[in-house]
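Each remark here refers to the structure printed beneath this line.
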Amino acid sequence: MTLRRKILLGFGIALCLVLIVLTWAVINLVRLGSASDSILRENYKSIIAAEVMINAMERQDSASLLLTLGFAEEADSQFSAFEAEFLRSLARAADNITVEGEAGIIARIDSGYQRYLQAFDELSDLTGSSTTATAADYYQETVLPLFTEIRSSCEALRDLNQSTAYTASAHASGVARRAIWSTLVVGLAAVAAGLLFSLLMSTSLTRPLQALLGATARLADRDYSTQLPVTSGDELGRLAAGFNQMAARLHAFDEMNLKEVLLQKQRIETVIESIEDGILVVDRDLRIVNLNGAAAGVFGVERPLALGRHFLETARDGHLFSLLRETVESGMAPELDPDTAMLSVGAGEARRYFAFAVSAVEGTGGGVTGGGVTGSGDTGGGGPVRSVTGAVLLLRDVTRLKELDRLKSDFVMTASHELRTPLTGLEMSVELLREKARERLTDQERELLEAAHTDVLRLKALVADLLDLSRIEAGRIQLEMNEVDLRGVVEQVTGIFQPQFVEKRARLLAELPADLPSARADAEKTAWVLSNLISNALRYIDEGGTVTVGAERSGSVLSVSVADDGAGIPYQYQSRIFDKFVQVAGDSRPGRTGLGLAISREIVRAHGGTIWVESVPGEGSRFSFTLPLARGEEA
Ligand code: ADP
């Protein structure tokens with residue numbers, strides 16, 4: 001049966017119950033009506049007729065008395081007037097025999113009245129022929145007893161009908177009482193049946209719906225074993241069957257997805273594991289969601305133990321932690337200086353170095369699964385909203401490179417150190433020759449001597465620079481950090497350069513603000529950097545050019561700049577001129593080694609600062625570097 005039919009049936013049954021109660025009430029009303037109707041119809045007429053007959057009898061009796069008194073005429077007319085009335089009423093009563101015993105009473109009245117009429121005729125005859133006394137006797141002996149008999153018969157008729165009316169009335173009220181009770185009982189039974197039925201029907205309709213609701217919730221919680229019993233063939237039954245089918249399909253689909261995801265995960269894990277570099281992936285809360293054996297080795301942890309734990313619990317490296325946190329929060333890979341982005345692990349002979357890089361992991365919500373590593377710049381266009389779900393830390397073992405670098409530096413240092421003494425000897429010899437033997441030499445020999453002198457000078461400068469640089473690189477140069485008034489340093493250095501600028505008819509300006517804060521730096525090394533930058537600038541400006549030295553507080557550091565309006569630096573060189581031995585092509589001059597800016601950079605870095613250049617070829621260059629502020633100046 002369909003749901004629609006069930007609902008219609010429910011309403012149909014309720015309507016039937018109402019109809020039953022209605023019919024019962026109507027039947028009772030009709031019964032009640034007929035009961036009271038019969039009281040009026042059947043007995044009223046007979047009672048009236050009996051009353052009229054009693055009255056007529058009494059008037060005829062008084063006519064008989066009048067006759068005995070000698071008023072024959074009045075008596076006759078009165079008697080016959082009421083005789084007609086009596087007979088009419090008697091006929092009416094005889095027509096309306098309804099009660100048992102009524103027929104006998106009427107027959108008695110009828111026969112009695114016939115005799116009474118005869119007695120009256122005889123009384124008339126007596127009053128006409130004999131004395132009043134005889135008539136009175138006849139009246140007393142014959143007429144009056146007949147009158148009394150008829151009258152009492154009439155009264156009996158009236159009483160019989162009256163008592164029947166009372167009985168009928170009692171019967172009617174009994175019917176009414178029964179009607180009330182039975183209607184009440186039938187009504188209550190109908191209400192009870194209706195209630196029971198609607199209760200049964202509503203539960204039979206809602207039970208499957210509730211079961212469906214519960215099953216849907218369980219299915220949403222991935223309980224795929226959820227099945228609904230199919231108990232009926234109606235729409236609800238079909239719905240349950242459809243639900244079961246859907247649950248089974250979802251289950252199959254989920255299993256398929258799960259297998260696919262597991263396969264992908266395995267693939268990614270194998271790839272990650274096979275990579276020689278260390279890889280460590282964290283989620284948004286910086287918990288480790290994946291790391292390969294190499295990374296586990298770097299941090300000295302067991303891979304399974306590290307998984308799921310917080311980065312700091314495993315790695316205990318505050319710098320890396322803050323880089324990862326910054327990446328997760330900003331969604332951008334932090335800019336790292338390749339020379340400083342280095343992690344050293346272990347000590348002594350076993351010390352190892354790892355260059356690291358951090359990038360953000362983006363995804364469409366959920367957690368990091370170890371896959372989906374993308375570059376920080378890939379924000380993905382369109383499609384679902386992508387958000388940062390974690391970060392990846394890459395660790396490359398550069399211990400060998402570092403070692404090679406150190407060996408190279410050691411070699412350079414030793415070589416330059418060893419070269420210094422013979423070079424000094426050579427320089428002295430050449431100087432001596434230039435002073436003492438000059439006159440005795442031919443022009444050609446003198447030219448050769450001058451060339452040798454220039455080369456010795458160049459070699460000395462190169463060796464000195466190399467020695468400086470290798471010492472700095474090896475970290476063997478100790479900075480004497482003090483609170484330095486930069487104004488003093490600038491004045492000292494510009495003072496030294498002033499004569500050279502005058503000679504070139506150029507200007508050297510110092511533009512320092514009055515409230516320049518002090519720096520925390522090594523004054524001598526800072527002066528060295530400043531001198532290097534000014535001497536470079538002097539070299540590249542034209543006659544009449546200008547070099548400006550400036551300094552200012554910029555945030556929590558002090559920034560110093562040397563700007564010139566000279567030749568500028570070609571763009572392709574700007575990123576490289578701080579590297580060792582880099583000189584702009586065709587710019588090699590005697591005494592220049594291409595090491596000045598490299599040394600400057602090492603010194604600035606040793607201070608914890610940075611150095612950079614902004615230059616437009618043909619318009620000039622501006623070299624800037626930063627130094628930390630002295631304590632108490634930071635605020
Ligand atoms: P060098 O000792 O050869 O000057 P540096 O490291 O000091 O070596 O400079 C590297 C190169 O950068 C120079 O050879 C020069 O080509 C370029 N350079 C440095 N400063 C300036 C400047 N102010 N203007 C133009 N070019 C410059």
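Derivation of every value follows stated rules applied to the coordinates shown; laboratory data play no part. What you see is a predicted model; the values in this text were computed from it and never measured. Quick reminder, even Gly has a Cβ in these numbers, built from the backbone with ideal geometry, and neighbours come from all protein chains shown.
Brief remarks follow.
- Estimated FRET transfer efficiency when R0 is 56 angstrom, pair residue 182-residue 48 (beta carbons, to 0.05): 0.95
- Under 5 Å, built H, 5+ apart or other chain: amide partners of residue 546: 507, 565
- Cβ charges +1 (Lys, Arg) and -1 (Asp, Glu), total dipole of the chain, debye: 2660 debye
- Relative contact order computed over region 1-83 (Cα-Cα under 8 Å; 6+ residues apart), in percent: 19 percent
- Computed FRET value (nearest 0.05) for residue 303 with residue 431, which takes r as the C-beta separation and R₀ as 60 Å: 0.35
- Cα gyration tensor category, rounded, prolate or oblate, for region 285-348 with a/c compared to 1.5: oblate
- Length available on full extension from residue 248 to residue 313: 0.36 nm per residue minus the Cα-Cα distance, which gives 19.0 nm.
- Estimated Rh, region 1-130: Kirkwood, alpha-carbon pairs, angstrom: 19.3 Å
- Were the residues from residue 136 through residue 259 laid out at 0.36 nm apart, the gain over their Cα-Cα distance would be 30.4 nm.
- Of the cross-linked pairs 460/580; 402/460; 436/504, those separated by over 22 Å at the C-alpha level are 402/460; 436/504.
- Distance (nanometres) between label positions extended 7 Å along Cα→Cβ at residue 111 and residue 209: 8.5 nm
- Farthest towards the positive end of the charge dipole of the chain, among the residues 202, 271, 57, is the Cα of 271, using unit charges on the Cβ of Lys, Arg, Asp and Glu.
- Across region 190-204, the residues whose backbone nitrogen lies under 15 Å from the label position 7 Å along the beta-carbon direction of residue 3 are 202-204.
- In terms of surrounding Cβ atoms within a 10 Å radius of their Cβ, 197, 311 rank from fewest to most as 197, 311.
- Label-point separation in nm, residue 335 to residue 191, each point 7 Å along Cα→Cβ: 8.7 nm
- Computed extension length for residue 122-residue 29: 27.7 nm, one decimal, from 0.36 nm per residue of separation with the Cα-Cα distance subtracted.
- Under the Debye formula (equal points on every Cα, no solvent term), log10 I(q)/I(0) of region 435-579 at q = 0.12, 0.13, 0.18, 0.19 Å⁻¹: -0.70, -0.80, -1.22, -1.27
- Order of 342, 53 under a 10 Å beta carbon neighbour criterion, fewest first: 342, 53
- Against the empirical curve 2.2 N^0.38 Å, the C-alpha radius of gyration of the chain lands at a ratio of 2.67.
- Applying a length cut-off of 24 Å (Cα extent along the axis) and a mean Kyte-Doolittle floor of 0.5 to the DSSP H helices of the chain leaves 3-38, 144-220.
- Simple spin-label estimate for residue 239 and residue 162 gives 7.5 nm between the two label positions (7 Å along the Cα-to-Cβ direction from each Cα).
- Under 5 Å from the amide H of residue 232 lie the amide H atoms of 237, each residue being 5 or more positions distant or on a separate chain, with H modelled from the backbone and absent for Pro and chain starts.
- Computed over region 152-300: relative contact order in percent, which uses C-alpha pairs under 8 Å that are six or more apart: 10 percent
- The chain, relative contact order [Cα under 8 Å, separation at least 6], %: 8 percent
- Modelled FRET efficiency - R0 35 Å, residue 457 with residue 619, Cβ distances, 0.05 increments: 0.60
- Counting neighbouring Cβ atoms within 10 Å and putting the fewest first, the residues 330, 89 line up as 330, 89.
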